[in-house]
Amino acid sequence: MDPITNSDTLVLQLDSKKSSIIIGRGIFASLSSLITYKKWDVIIAIVSETVYALHKEVIDQSLSLIDAIIIQYNDSEQNKSYAYAEQYFNLLLENQCTRNSLVIGIGGGVTTDFAGYVASAYMRGIDVVYVPTTLLAMVDASIGGKVAVNIKAGKNIVGHFHQPDYIIIDIDFLQTLPLSEWRCGMSEVVKHALIGDSSTLTLLMNKEIQYGYIDNSLYSCINSSVRFKASVVEKDEFEKNIRAILNFGHTVGHAIESLLEYTVSHGDAVAAGILIESYISMKEGMPKADFDCVRDIISAYNLLPNISFDPNKIVNHMMYDKKNIKGKTRFVLLESIGKPRIGCEVNDSLVKEALNFYLTMIKK
Ligand SMILES: NC(=O)c1ccc[n+]([C@@H]2O[C@H](COP(=O)([O-])OP(=O)(O)OC[C@H]3O[C@@H](n4cnc5c(N)ncnc54)[C@H](O)[C@@H]3O)[C@@H](O)[C@H]2O)c1
């Protein structure tokens, strides 16, 4: 494979602010020259403990050039909590952070969501920069400005829209990413490909992306996936309409995750959700050839979890999804690959048929 020699910058013009995304290989080492436009008085880096242990040398070297104070963060989902955030507000105060300070979040989606939430609430909102280090955080969690923490009643219940000033995507971080986390990110990559990211769709159909290969195909795939999500966010920053297409696969996915009490990962649940919602799409008119293509891609990347659930309970659970309107479950369906439609109502009997199709398929 050719070495990656380039990096790419994308500037998002949002209603709330301008946000720059820089994608490349080995670029994190040059962080000090990439985030230059403001003079922040204090810079706090909230760094995933795991990522810090794996990439200590480059993180120390890069952050020392901007005099950042490193606070290591135990990035379990339980610590993405409102209670934990309060401890970080105090840490920011102790370090004399003001309204002109900066938070940098370095890690997976848990860390970027948490750092983003802390920055969004501290002194009514201060600047934040993300350095996502999982595939999922690169193509999804770090893009779009949604920040949130969990409370006892549920995941991501407390949050804001708070756009980062910069997102620095250095794909070299993926060298240490475990396969299970890679698969989670691939589910979101596949989702983008199916709802409109045609360049990535071609790469996936040709099986050009492989775990463990940090090459030009991966760079193109991440670049295209990021650009696709950014283009959707730019059209509808606050999810009033079109941004909802990004929930494809997530109506069923969330219900599976929640019913199984988060014993299945988000990415696995979304992969199952994508296949089940594609089945529903086919029954509602999507060409069968498109459904076969979805199934091929998901199988080729081995994304489907071997899980069991009661279809009736999933249907009941979907009624409680926070994105539902007046108790009615709405789906994002595909008219064809690349043509999503939002706000679709589907008969419970068809949803159960699709769930049963999934259960039968994974038993084979
Ligand atoms: N804000 C949004 O729009 C949005 C969108 C999707 C998901 N999310 C949130 O993102 C979170 C999930 O993110 P995630 O999948 O990145 O999980 P994560 O942050 O939990 O990371 C997964 C695991 O990988 C480890 N890790 C991170 N980078 C690594 C690296 N380079 N090498 C080795 N290990 C590494 C982490 O320590 C962790 O153990 C959830 O909390 C979800 O709610 C937010």
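The values are calculated or read from the model by the stated rules, or taken from the named source; none is laboratory data. Worth saying up front: this structure is predicted, and the values here are computed from it rather than measured. For neighbour counting, all protein chains shown are included, and Cβ atoms are generated from backbone atoms with ideal geometry for every residue, glycine included. These area figures cover heavy atoms from the full protein model, side chains too; ligands, DNA and RNA do not enter into them. Shrake-Rupley method; radii C 1.70, N 1.55, O 1.52, S 1.80 Å.
So, in region 124-152, of the ones that are part of a strand (DSSP E or B) and under 21 Å from Gly185 (Cβ atoms), which residue ends up nearest to the ligand (Cβ to nearest atom)? Before the answer, list the steps.
Narrowing region 124-152 to residues part of a strand (DSSP E or B): 127-132, 146-151.
Add one more test, that the residue is under 21 Å from Gly185 (Cβ atoms), and what stays is 129-132, 146-148, 150.
Working: Val129: 15, Tyr130: 10, Val131: 10, Pro132: 7, Lys146: 4, Val147: 6, Ala148: 7, Asn150: 8 Å.
The qualifying residue nearest to the ligand (Cβ to nearest atom) is Lys146.
Considering only region 11-42, how many residues are assigned to a loop (DSSP other than H, G, I, E, B) and open to solvent by less than 40 Å² (accessible area, probe 1.4 Å)?
Of the residues in that region, 5 qualify.
More than 10 Å from the ligand (Cβ to nearest atom), assigned to a helix (DSSP H, G or I) and not polar (S, T, N, Q): does that describe Tyr52? No: the conditions fail for Tyr52.
Looking at region 105-120, is at least one residue surrounded by fewer than 20 Cβ atoms within 10 Å (Cβ to Cβ), without any contact (Cβ under 8 Å) to a residue 40 or more places away in the chain and outside the structural domain of Thr263 (by TED's automatic domain parsing)?
Our first condition is that a residue be surrounded by fewer than 20 Cβ atoms within 10 Å (Cβ to Cβ); within region 105-120, this holds for none.
No, because not a single residue in region 105-120 is surrounded by fewer than 20 Cβ atoms within 10 Å (Cβ to Cβ), without any contact (Cβ under 8 Å) to a residue 40 or more places away in the chain and outside the structural domain of Thr263 (by TED's automatic domain parsing).
When Thr98, Thr36 are checked against the criterion of being more than 16 Å from the ligand (Cβ to nearest atom) and either under 24 Å from the mean Cα position of the chain (by Cα) or over 16 Å from Ile167 (Cα atoms) (or both), a single residue qualifies: Thr98. Selection of first residues in region 74-85 that are within 15 Å of Gly116 (Cα to Cα) and of second residues that are among the aliphatic types (A, V, I, L, M) and away from the ligand (no atom under 11 Å from the Cβ), restricted to Cβ pairs under 6 Å at least 6 apart or on distinct chains, gives the following pairs, ordered by first then second residue: Tyr82/Ile151; Tyr82/Val158; Ala85/Val118.
I need a count of the residues in region 128-152 that are over 22 Å from His254 (Cβ atoms), free of Cβ contacts under 8 Å to residues at least 60 places away in the same chain and either touching a Leu at 6+ places or on another chain (Cβ under 8 Å) or aliphatic (A, V, I, L, M) (or both).
Here is the first cut: in region 128-152, the residues over 22 Å from His254 (Cβ atoms) are 128-131, 133.
Then keep just the ones that are free of Cβ contacts under 8 Å to residues at least 60 places away in the same chain; that gives 128, 130.
Narrowing the set further to residues that are either touching a Leu at 6+ places or on another chain (Cβ under 8 Å) or aliphatic (A, V, I, L, M) (or both) leaves 128.
The qualifying residues number 1.
Restricting region 153-188 to residues that are small (Gly, Ala, Ser), more than 18 Å from Ser217 (Cα to Cα) and in contact (Cβ under 8 Å) with a residue 60 or more places away in the chain, the residue that is nearest to the ligand (Cβ to nearest atom) is Ser180.
One line per residue, one yes/no per condition, for (1) of a type in the set (Ser, Thr, Tyr); (2) in contact with a His (Cβ under 6 Å, 6 or more places away or on another chain); (3) more than 21 Å from Arg25 (Cβ to Cβ); (4) assigned by TED's automatic domain parsing to the domain that holds Ser20:
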{"position": "His160", "(1), (2), (3), (4)": "no, no, yes, yes"}
{"position": "Pro164", "(1), (2), (3), (4)": "no, no, no, yes"}
{"position": "Asp172", "(1), (2), (3), (4)": "no, no, no, yes"}
{"position": "Ser187", "(1), (2), (3), (4)": "yes, no, yes, no"}
{"position": "Lys191", "(1), (2), (3), (4)": "no, no, yes, no"}
{"position": "Ser198", "(1), (2), (3), (4)": "yes, no, yes, no"}
{"position": "Glu208", "(1), (2), (3), (4)": "no, no, no, no"}
{"position": "Ser217", "(1), (2), (3), (4)": "yes, no, no, no"}
{"position": "Cys221", "(1), (2), (3), (4)": "no, no, no, no"}
